[in-house]
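Asks: Let me give you the structure first, and then I'll get to my questions.
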Amino acid sequence: MVHTDTNKKPPEKTPTLRVIPMPADTNAEGDIFGGWLLSQMDLAGASEAYQYVGHRIVTVGVDSMTFHKPVYVGDEVSFFTHVEKVGRTSIAVRVEAWARSRIEKDYRMVTEGVYTFVALDHNRQPTEIVRK
């Protein structure tokens, strides 16, 4: 389920990934391109999934993606992740993106979604997830 309260505080844990978008990451309107944000979320989600599974994974889906607020050049964007569901060969990871301006220092949730990954064996075939 997607959260609607974007004014809540970010999770009190270390982010899985933290980046600062640059001018080359903008869309035609000058805001950060949504595709750039999605790719960063995929990296963060994959990192969380890999830590759980312990071997090769591949992204197979993105569910319930919501863009709440824009991200601007120079914002510090932190990506918080947690495993939401584990199936036989798949793992779903919730990713929340929180941005803060260098000037205002207040965090705002900008995007959230659930990424699904499948565990692969050495032949790149789906394999059962056995938590390491």
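Asks: Pick from Val110, Val58, Val77 the residue whose mean-square fluctuation is largest in a GNM of the chain, springs joining Cα atoms under 10 Å.
Replies: Comparing Val110, Val58, Val77 in the GNM, the peak value goes to Val58.
Asks: Under the rule of at least 5 residues apart or a separate chain, name every residue whose amide H is placed under 5 Å from the amide H of Thr89.
Replies: Correct list: Ile129.
Asks: Tabulate in residue order the Karplus-calculated ³J(HN,Hα) for segment 94-103, using 6.51 cos²θ - 1.76 cosθ + 1.60 with θ = phi - 60°, rounded to whole Hz; enter x for Gly and Pro.
Replies: Karplus-based 3J(HN,Hα) across segment 94-103 equals 7, 10, 10, 9, 10, 10, 9, 6, 5, 8 Hz.
Asks: Next up: When the helices in the chain are scored as -39500 (n - 2.57) per DSSP H run of 4 or longer and the sum is shared across all residues, what 222 nm value do you end up with, to the nearest 500 deg cm²/dmol?
Replies: -5000 deg cm²/dmol, from helical runs alone.
Asks: I'd like the Karplus ³J(HN,Hα) series for segment 60-68: coefficients 6.51, -1.76, 1.60, θ = phi - 60°, whole numbers in Hz, and an x wherever there's a Gly or Pro.
Replies: 10, x, 10, 10, 6, 6, 9, 9, 8
None of the figures in this text is laboratory data; all of them are computed from the coordinates on show. Everything numeric in this text was worked out from a predicted model, so none of it was measured.
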